[in-house]
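Only one structure is covered here, and it is reproduced in the block below.
The values are calculated or read from the model by the stated rules, or taken from the named source; none is laboratory data. None of the values given here were measured: they were computed from a predicted structure. We place every Cβ from the backbone using ideal geometry, glycine too, and count neighbours over all the protein chains shown. Surface accessibility is based on the protein's heavy atoms, side chains included, excluding ligands, DNA and RNA. Shrake-Rupley method; radii C 1.70, N 1.55, O 1.52, S 1.80 Å.
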There are 4 protein chains.
Amino acid sequence: METVKIGLIGAGRIGKIHAENIARRTFGAQLTWVADAFEAAAKETANTYGAQATSDPRRVLDDKTVQAVVICSPTDLHAKQIEEAAQAGKDIFCEKPIDFDLVRIDAALNAVRQTGIRLQIGFNRRFDPSFDRAHQMIQGGRIGRPYLVRITSRDPKPPPPEYIKASGGLFADMTIHDFDMSRWIIGREVEEVFAFGSNLVAPEIEQLGDIDTAVVSLRYRGGVLGAIDNSRQTAYGYDQRVEVFGSEGTVMVGNRAPTQVTVGDKNGFQGDVPMYFFLERYEEAYRLEMRHFIECVREKKTPSVTGADGRAPIVLAHAAKRSMTEKRAIRIEG
Amino acid sequence: METVKIGLIGAGRIGKIHAENIARRTFGAQLTWVADAFEAAAKETANTYGAQATSDPRRVLDDKTVQAVVICSPTDLHAKQIEEAAQAGKDIFCEKPIDFDLVRIDAALNAVRQTGIRLQIGFNRRFDPSFDRAHQMIQGGRIGRPYLVRITSRDPKPPPPEYIKASGGLFADMTIHDFDMSRWIIGREVEEVFAFGSNLVAPEIEQLGDIDTAVVSLRYRGGVLGAIDNSRQTAYGYDQRVEVFGSEGTVMVGNRAPTQVTVGDKNGFQGDVPMYFFLERYEEAYRLEMRHFIECVREKKTPSVTGADGRAPIVLAHAAKRSMTEKRAIRIEG
Amino acid sequence: METVKIGLIGAGRIGKIHAENIARRTFGAQLTWVADAFEAAAKETANTYGAQATSDPRRVLDDKTVQAVVICSPTDLHAKQIEEAAQAGKDIFCEKPIDFDLVRIDAALNAVRQTGIRLQIGFNRRFDPSFDRAHQMIQGGRIGRPYLVRITSRDPKPPPPEYIKASGGLFADMTIHDFDMSRWIIGREVEEVFAFGSNLVAPEIEQLGDIDTAVVSLRYRGGVLGAIDNSRQTAYGYDQRVEVFGSEGTVMVGNRAPTQVTVGDKNGFQGDVPMYFFLERYEEAYRLEMRHFIECVREKKTPSVTGADGRAPIVLAHAAKRSMTEKRAIRIEG
Amino acid sequence: METVKIGLIGAGRIGKIHAENIARRTFGAQLTWVADAFEAAAKETANTYGAQATSDPRRVLDDKTVQAVVICSPTDLHAKQIEEAAQAGKDIFCEKPIDFDLVRIDAALNAVRQTGIRLQIGFNRRFDPSFDRAHQMIQGGRIGRPYLVRITSRDPKPPPPEYIKASGGLFADMTIHDFDMSRWIIGREVEEVFAFGSNLVAPEIEQLGDIDTAVVSLRYRGGVLGAIDNSRQTAYGYDQRVEVFGSEGTVMVGNRAPTQVTVGDKNGFQGDVPMYFFLERYEEAYRLEMRHFIECVREKKTPSVTGADGRAPIVLAHAAKRSMTEKRAIRIEG
């Protein structure tokens, strides 16, 4: 089996997860470059896995032995780096979102199209074994025709204000995952969106002009309906549930707990809280999405999460925001 | 303990349930009259419990020994019968909805107010032990401040076309219960409604101009958000779930199954489907709402489900329908 | 449908439950006599349901219109009353246990055999909808050949010392139900028993020479194995679980909770404790066993819980006790 | 942090797991030697992790840089290798069982005692996060005084006949884990054992004179009782459940499923089967037990699973076998 040589661009929190998965938890892959604007960060990760470090991503793109890059830089660099990597002929894994600006997204996707390189967007949840199994069941007809999709997606605690500022707002930062999940799991595009948003949890988020709680309604092709609820904070950890209800039954994905312990006493029977946050909950999903990417690179297959899949949720996030402001349903142009 | 004498007006499916609960399952109550336009139906129920039968509700109202009436007639008679019973000085239990017309509802509620009689509306789900306990927990601060309410309410199969015709539409017939549930369980009024509806299940319902599937979004006072989903048909029975998510936790009411049997084999571990429909699921709730009514009559207390509670969900049902047509959020006038 | 006239002998706690079920919750049955050594007790129950009261059971047996008797007197009277009722030609429902003395049991069963009347023993748990369903599944081959049966049966709190004195000891009083459950649910007889007992919960039980905690091992025909655990006290209510493990799978019956409420907070996700005790847990089972008895009387069918079913667990209880003392397995003579 | 150099003795299935955990999944450890009688096997594993390979364990013991050895050879070599490694001054991790012969076990433990080296026995289940948490809860008093421990431990399928031949029999091969679990989780020693065994699953096991199904009863110090059930085969995967019932409540550890998917349809609501077998179920436990061992070696701490913990379950296994044959409880000499 040929070893795929990979350069990492951006060695922050997510970048480090991908580095570990590439270097240690995927057969047939080698991490050969780590680029980060903070050279110390690049070096730290590079040293751990025996890669070269640089503060200039250009050096990674110039290395002819590098077949693919994994882009985990700040969001505002994604689109440009996709274009540059595409022009350098590298296959690309890029963290979500591609960008908040559709013009820039389209330019990036255009570069990808013209060069014919592979692009996979980091919607990791699709690779979670539970969601993947539910998806397979639904695609396989286990619940008949889908009627409704319901998603609960709540974070354990709000990110810091600096993160909120660059996040694109709740719909583009949090709901984006749920938009992707819903499109993918029922295999249908959204036609109409409506959103209510509130400030209930974090005054600092309100001061930044963003919301912390939302309910989003969706209408998909064929009249399938959807409801998503989001919150930036829970008392009990990371809450990630999906249900798809159809003509022959309903499939539900529940939370995962770190233990299977239940204690019964005079107050009731109590089980564990869910795993704390995305790093724990989606540990395996991160590993599996990277394995999929490396397999696509090696075998010259099209990744299952395409550039179009990266674009669609941004369209929906913008529509949700406009809907919330204009208090009306927004139609999505196909 | 004084025995409360009660006249039943309307001896259809629900009327018979109330008759049984009054006559056999509540201490200190006696069913003395059964009125039904079909005299044979009146007689059948009356004979079972040793009551008098009539096809004319007037005779019940004229009987001075009757303290209270239970109105289970067709919906279009409710408002008028409330007025007449109020004028006859009888305390009233009336099945939901009071009417679909707010003018008629207000006339009926006005008569109730002027005569000072007691009126309880038949929102039976409030008396279900699980919902009641969740309500108490929430009111008692167990989950802190409420942020979100989610309701799934799906029937096992659609009613016949004749029922649909007189039903007032899905929002006034099915969602009405969920509107009531949500207002009551979080103790807040709705400020804005948005609804998507679809025809996915039953072509005959579409032909009658109604929908069979819906997702309704709500915004309550203080910014609390809500999402309701409804379907006229499931493959697995009656689906009645409620979740209220708040600052300190989340409280969830799940479905009730007829048995506690789980079978594990090579395909997985399988438990029972939920109880089939409302007669099974809410058997105890029907008994407890009637017990509450009789207690209010005897002890001259105000029932916990008031005329205003009967009116509010109708306002919401109209708003939801208008929202669906106009594709915009509808503001509820306080 | 012919109305079956029934006399109740013994109007204590269980007697009252049967009285209510006969008089109010079973079609085609009438409670015509209530006998109790305490005439006041007989009168109270008799008056509630319009029956005649007596302190002398003989009067019930002498009434030619009485078709069947329900014996709920103290255990030491059961055997003699069965004989007398059999000789009077009455069909008999008798609470468990028939007696603790096998000689007296055999005399009673002999009288039943000779007179050809019907006898049903009050092993109510067989009629619980969950256990009944599990039984049907197992008999229907759902889990293949049975390998193992596991029963957990724990009471919420110990009975008073006076009850313990007359109880025949834990094996004859508590485990008797589990012996019956296990024989019935797997459809096999026990060949060997071994028991460990302990005093962990209630010093007053130890002073009376009884135990409060036990683990019983069983070997059934064909090598099927069993394990029962019992305790006279839990912190969390009545614990009644059964599992039968077989070649194709495993069927488990779990506890029933009064509500379906789950609350999640920082400590975990907590559901309800089980229903408190047998009156709540087996309310429906008591009703269904009486319905079965009355149906057998009316239709001249053999009850599904026979006299032999009443005898076998007593043999096992004696063997368990002897095993505990002699610290060896006791073989059950077929 | 000092890197602990480790030699692996035995590169079979379990040996490979430990190799991976030492080399890749534990910080501060290095696998420097792999010894296996089959030199090819030694080489394969050694090459994967950059270690030296040998067919002679002596070479590992002679390497002064090796601080600790991990013994995963066939059981009949364990005791001798422990002695030799102890004499070479190496800290030792040894797979269970130490041996089936108490004389040999005692000789090995004696060598350990005299040399003062560290010895950890591979009771991996203690390191499973669920069992570990239950253990902590119990030790912390969460359920008060323990009354009863119940363990279900069933394998998905029987091992091949060659394995059975060398296994020491079901009690020494399977129940050994449950004996250890029960002693550890309630923190008490066994005083009496009784066992029933059967041949229900695998005729080839019967031909080898072993059993495939068992129920074991235990009495611990202070009168605490226990029940273990074992089977060599299930239709639904690996079944590993533990319950400890005490004065203030009960703590239960359930099975772990690979996904959190539930599908509801007309037949019921079905969740996943448990993880297939011990490699999947205890993946994390294997990693954590090795991490604990390496930490003990580095920090010169006593491992939590001692030589005495390796000896006690063998005593119990012998007693269980004798009990099954003699059909009586066997007293364990302290």
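Quarter the surface of the alpha carbon convex hull of region B:195-334 and you get the mean projected area, 13.3 square nanometres.
Karplus-derived 3J(HN,Hα) values for region B:20-35, using 6.51 cos²θ - 1.76 cosθ + 1.60 with θ = phi - 60°, are 4, 5, 5, 7, 10, 10, 10, 6, x, 10, 9, 8, 10, 9, 10, 10 Hz; glycine and proline are entered as x. Using θ = phi - 60° in the Karplus curve 6.51 cos²θ - 1.76 cosθ + 1.60, the 3J(HN,Hα) couplings for region B:38-51 round to 8, 4, 4, 5, 4, 5, 4, 5, 4, 4, 4, 10, x, 9 Hz; x is entered for Gly and Pro. In region C:72-145, the C-alpha radius of gyration followed by the widest Cα-Cα span (Dmax) gives 15.5, 45 angstrom. Can you give me the long-range amide H partners of B:Ser247? Hydrogens built in the peptide plane at 1.01 Å from N, cutoff under 5 Å, separation of 5 or more residues or another chain. Result for B:Ser247 returns B:Arg145, B:Tyr147. A DSSP coil position with no more than 13 other Cβ atoms inside 10 Å describes the following chymotrypsin sites (Phe, Trp or Tyr not before Pro) in region A:38-100: A:Phe38.
Debye-formula intensities of chain A, expressed as log10 I(q)/I(0) at q = 0.07, 0.08, 0.15 Å⁻¹, are -0.29, -0.39, -1.32 (one equal scatterer per alpha-carbon, no solvent).
The trypsin sites (Lys or Arg not before Pro) of region C:179-273 that meet both conditions, a loop assignment by DSSP and at most 13 other Cβ atoms within 10 Å of the site Cβ, are C:Lys266.
Please go through the residue pairs B:Lys43/B:Lys165; B:Lys5/B:Lys43; A:Lys16/A:Lys96 and name each one whose alpha carbons sit more than 22 Å apart in this structure. It would help to have the intermediate numbers written out before the result.
Working: B:Lys43/B:Lys165 28 Å; B:Lys5/B:Lys43 18 Å; A:Lys16/A:Lys96 16 Å.
The answer is B:Lys43/B:Lys165.
The value for region D:169-225 of Rg(Cα) / (2.2 N^0.38 Å) is 1.28. Compute the longest continuous run of chain A that contains no exposed GluC sites (Glu not before Pro); treat a site as exposed when its DSSP state is not H, G, I, E or B and it has at most 12 other Cβ atoms within 10 Å. The longest uninterrupted stretch comes out as A:3-332. Here is the P(r) of region A:10-136: all C-alpha pair distances, binned every 10 Å from 0, give 13, 42, 34, 10, 0 in whole percents.
Just round it to a whole percent: the fraction of Cα-Cα distances in the protein assembly as shown exceeding 56 Å. The answer is 31 percent, as a whole percent. Placing a label point 7 Å from Cα along the Cα-to-Cβ axis, D:Lys64 is separated from the same position in the other copies by 5.0, 11.2, 11.7 nm, shortest listed first.
Okay, helix-only estimate at 222 nm for the protein assembly as shown: each DSSP H run of n ≥ 4 adds -39500 (n - 2.57), divide by all residues, round to 500 deg cm²/dmol; what do you get? Could the numbers behind the result be given before it?
Values: 48 runs with 519 residues, N = 1336.
Counting only the DSSP helices, I get -11500 deg cm²/dmol.
Share of Cα-Cα pairs in region B:181-259 beyond 17 Å, in percent? Intermediate results must be reported in sequence, preceding the final value.
On the way: 1794 of 3081 pairs.
The proportion of pairs with Cα distances above 17 Å equals 58 percent.
Summarising the strand pairing of the protein assembly as shown, around 60 percent of its internal DSSP beta bridges are antiparallel.
Taking only the Cα atoms of region A:218-290, the radius of gyration and Dmax are 16.1, 50 Å. Within region B:18-87, the percentage of alpha carbon pairs spaced more than 19 angstrom apart rounds to 30%.
Burial of accessible area (probe 1.4 Å, heavy atoms of protein chains only) in region D:226-268, relative to its chain alone, reaches at least 50 Å² for D:Ala235, D:Tyr236, D:Phe245, D:Thr250, D:Met252, D:Gln260, D:Val261, D:Val263, D:Asp265.
Each copy carries a label point for A:Gly140 at 7 Å from Cα along the beta-carbon vector; from one copy to the others these points are 2.4, 4.0, 4.4 nm apart, nearest first. Take region D:143-275 with all the other protein chains still there, run a 1.4 Å probe, and you get 27 Å² of accessible area per residue. The A-B contact accounts for approximately 3400 Å² of buried accessible area, totalled over both chains at a 1.4 Å probe radius. Taken as Cα centroids, region D:260-334 and region D:1-72 sit 24 Å apart, rounded to the nearest whole angstrom.
Each Cα pair under 8 Å and six or more residues apart adds its sequence gap; the mean of these over the residue count of region B:56-118 is a relative contact order of 34 percent.
Derived scalar couplings between HN and Hα for region D:173-189 equal 9, 9, 5, 3, 5, 6, 4, 4, 4, 5, 4, 6, 6, 9, x, 9, 8 Hz in order, rounded to whole Hz, by the Karplus curve 6.51 cos²θ - 1.76 cosθ + 1.60 (θ = phi - 60°), x for Gly and Pro. Checking the cross-link filter: which aspartates and glutamates have an alpha carbon closer than 17 Å to that of D:Lys300, excluding same-chain neighbours under 8 positions apart? The qualifying aspartates and glutamates are D:Glu2, D:Asp91, D:Glu289.
Consider a paramagnetic label point 7 Å from the Cα of D:Ser304 along Cα→Cβ; state which residues of region D:112-138 have an amide N under 17 Å from it. Residues D:119-138 fall inside that zone. Measuring from the axis that maps chain C onto chain A, the chain C residue with the nearest beta carbon and its rounded distance in angstrom come out as C:Gln270, 2. Using only side-chain charges placed at the Cβ, +1 for Lys and Arg and -1 for Asp and Glu, the dipole size of chain B relative to its Cα centre rounds to 740 debye.
Partners of D:Lys266 within straight-line reach, counting lysines whose Cα lies under 28 Å from its Cα and excluding those fewer than 8 residues away in the same chain: B:Lys157, B:Lys266.
Under the Kirkwood approximation applied to all pairs of distinct alpha-carbon atoms, what is the hydrodynamic radius of region C:142-200 in Å? Write down the numbers at each step before the final one.
Details: mean 1/r = 0.0733 Å⁻¹.
Here the Kirkwood hydrodynamic radius works out to 13.6 Å.
Computed from Cα positions, the angle between helix B:75-87 and the longest principal axis of chain B comes to roughly 50 degrees.
The fraction of accessible area contributed by carbon and sulfur in region D:230-317 is 48 percent, rounded to a whole number (1.4 Å probe; ligands and nucleic acids excluded). Inter-copy label distances at A:Glu299, using a point 7 Å along Cα-to-Cβ, come to 4.5, 6.1, 7.1 nm with the shortest given first.
Less than 5 angstrom separates the built amide H of D:Gln52 from those of D:Trp33, D:Val34, all sequence-distant by 5 or more or on a different chain.
Please report the net charge: other residues with Cβ closer than 10 Å to the Cβ of B:Glu204, K and R +1, D and E -1. Walk me through the intermediate numbers first.
On the way: positive: none; negative: B:Glu206, B:Asp210, B:Asp212.
In short, -3.
Binning every alpha carbon pair distance of region D:26-66 at 5 Å from zero, what are the percents per bin? Going from the shortest bin to the longest, the percentages are 6, 28, 29, 24, 11, 3.
Put simply, the amide H of C:Glu191, placed in the peptide plane, has neighbours under 5 Å in C:Arg219, C:Tyr220, C:Arg221, leaving out anything fewer than 5 places away on its chain. If the viscosity is 1.002 mPa s and the temperature 20 °C, what translational diffusion coefficient in µm²/s does Stokes-Einstein give for region A:112-224 when Rh comes from Kirkwood over Cα pairs? Once the numbers are plugged in, D ends up at 133 µm²/s. Relative to the dominant Cα principal axis of chain B, helix B:283-299 is inclined by about 50°.
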